[in-house]
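One structure is given below, encoded as structure tokens.
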Amino acid sequence: MTSARGIRAGAAYVELYTKDSGLVKGLRDAEQRLKAFGQGLMTIGTRLAGLGTAVAAPLLASAKVFADMGGDLDDISQRTGVSVEALSELSWAVHLAGTNLETFEAALRKMQRVIVKAAEGGQAAGEVFSSLGIDVGQLSKLSPDEQFKRIATGISQIEDPALRTATAMEIFGKTGTLLLPMLMTGAAGIERFQEQARQLGLTMSTEDAQAAAALGDAMDALWKVLRQTSFAIGAALAPLLSQLAQSM
């Protein structure tokens, strides 16, 4: 037989968990607060992650620019014999002339071949330098960038535009015409551009260029490893995906 105490206890239980009871309201209010707190933490985490990405992206972009530019200078330096320091400064003069380092490198290569021919007694090549008042023996002793500036002075002194263009092409090949704005300034003008580059902080050291080349090689290796990892994952999943596709 149910006692009066049991009835009262049961009624209290029902009242305790009624939808509108104070306890249920309190629990729901606490639940909403906990949800809001959790969402706040998620928002903060998302913002921190976004901040990390925002900071990391420019740094990675800067590293890539450093690796590309320094690596290119290091490669060109090794191919032409011009120091990285001189190349980084001359690149400013090349830029102002409206062309690029690839064109300048091609011109240096052609110039060096013509100088070697003249030094070996080649008549046509020797006559070109003689017309500029340049002694091939002395020219051969200079570094490639100094050779370029010495020839630029000679070409800048030619008054006939057609002859000037023809001479530039004989020494530098087709790229000679692209470099005429730079050649016309002579050695003095080119050295002024180099000084501007130094003042602007555009000079790169050999050590920095070598470090950039090493960084570029490391980044290339990393990307190849990541691509190979993706390939391995794809190879492992291929049988399963093929079965799934056939089943579907």
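The values are calculated or read from the model by the stated rules, or taken from the named source; none is laboratory data. Keep in mind that this is a model prediction, so the values were computed, not measured. With ideal geometry, Cβ positions are generated from the backbone for all residues, glycine too; neighbour counts draw on all protein chains shown. Keep in mind that these areas ignore ligands, DNA and RNA; they rest on the heavy atoms of the full protein, side chains included. Shrake-Rupley method; radii C 1.70, N 1.55, O 1.52, S 1.80 Å.
For segment 133-187, run through the trypsin sites (Lys or Arg not before Pro) and keep only the ones in DSSP coil with at most 10 other Cβ atoms within 10 Å of their Cβ.
Details: sites: Lys141, Lys149, Arg150, Arg164, Lys174; in loops: Lys141, Lys174.
Hits after loop and neighbour filter: Lys141.
Probe of 1.4 angstrom, ligands and nucleic acids ignored: what's the accessible area per residue over segment 70-167, in square angstrom?
On a per-residue basis, 47 Å².
Please identify every one of the GluC sites (Glu not before Pro) in segment 97-142 that sits in a loop by DSSP and has no more than 16 other beta carbons within 10 Å of its own beta carbon.
Details: sites: Glu102, Glu105, Glu120, Glu127; in loops: Glu120.
When the GluC sites (Glu not before Pro) of segment 97-142 are filtered for loop state and at most 16 Cβ neighbours within 10 Å, Glu120 remain.
Counting Lys and Arg as +1 and Asp and Glu as -1, what is the net charge of the other residues whose Cβ lies under 14 Å from the Cβ of Val116?
Around Val116, the charge tally is +4.
Please state, rounded to one decimal and in Å, the Kirkwood hydrodynamic radius that segment 86-197 gives when every pair of distinct Cα atoms enters the mean of 1/r. Kindly include the intermediate steps, with their values, before the conclusion.
Numbers: mean 1/r = 0.0729 Å⁻¹.
13.7 Å is the Kirkwood radius here.
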